[in-house]
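Trainee: One structure, as structure tokens, below. Some questions next.
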Amino acid sequence: FKYQSYNCVMHLLALRVGSKLAEWMGDKTFQADCDRWVKPAHETMVEALWVDLPDNELGLRGYFANGDSDKDAIMSDTFYGQVLSDTLGLGQLVDPQLMQEHLKVQLAWAGNSTKHGMAILGNRIGGTASGWP
């Protein structure tokens, strides 16, 4: 896949970790590079993956590859990189408003899709939520 939401957020995490490690090592050039790359990486993620979903919902689609995407599919592990960033004390990677909108959709879709909770890949088919547990 050209873009995948999970990988995009992990890439943002890698840039944040790289910046922090460079700071500890005194490598101001690499630290500045990592910090500078965060904004275009976030913008690319939003441009490639942020979509209007069915029922006036908004979220990051699960993937996009050479024009082939299921714009109605979202992944439950999209923000795992954000969880790691919070755990490591590295702060916010993704715009909080985007994350909140996406998580509302994830909760609404996944709640109907599996008896075990959130589905790995949730989507809407014919107005009902479905998923692959």
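The values are calculated or read from the model by the stated rules, or taken from the named source; none is laboratory data. Keep in mind it's a predicted model, so treat the numbers as computed, not measured. The area values use the complete protein model at the heavy-atom level, side chains included, leaving out ligands, DNA and RNA. Shrake-Rupley method; radii C 1.70, N 1.55, O 1.52, S 1.80 Å.
Trainee: With every protein chain kept in the model, how would you rank Leu84, Leu49 by accessible area, 1.4 Å probe, largest at the top?
Mentor: Order by accessible area, largest first: Leu84, Leu49.
Trainee: To the nearest 10 Å², what's Lys39's accessible area with a 1.4 Å probe?
Mentor: Per-residue accessible area (Lys39): approximately 140 Å².
Trainee: With every protein chain present, what accessible area does Phe79 have (1.4 Å probe, heavy atoms only), rounded to the nearest 10 Å²?
Mentor: Counting only protein heavy atoms, the figure is 20 Å².
Trainee: Please give the solvent-accessible surface of Val17 in Å², to the nearest 10, using a probe radius of 1.4 Å with every protein chain present.
Mentor: Val17 has an accessible surface of roughly 50 Å² with all protein chains in place.
Trainee: Ok, one more. Compare Tyr6, Tyr80 by solvent-accessible area with a 1.4 Å probe and give them largest first, with all protein chains kept in place.
Mentor: From most accessible down to least: Tyr80, Tyr6.
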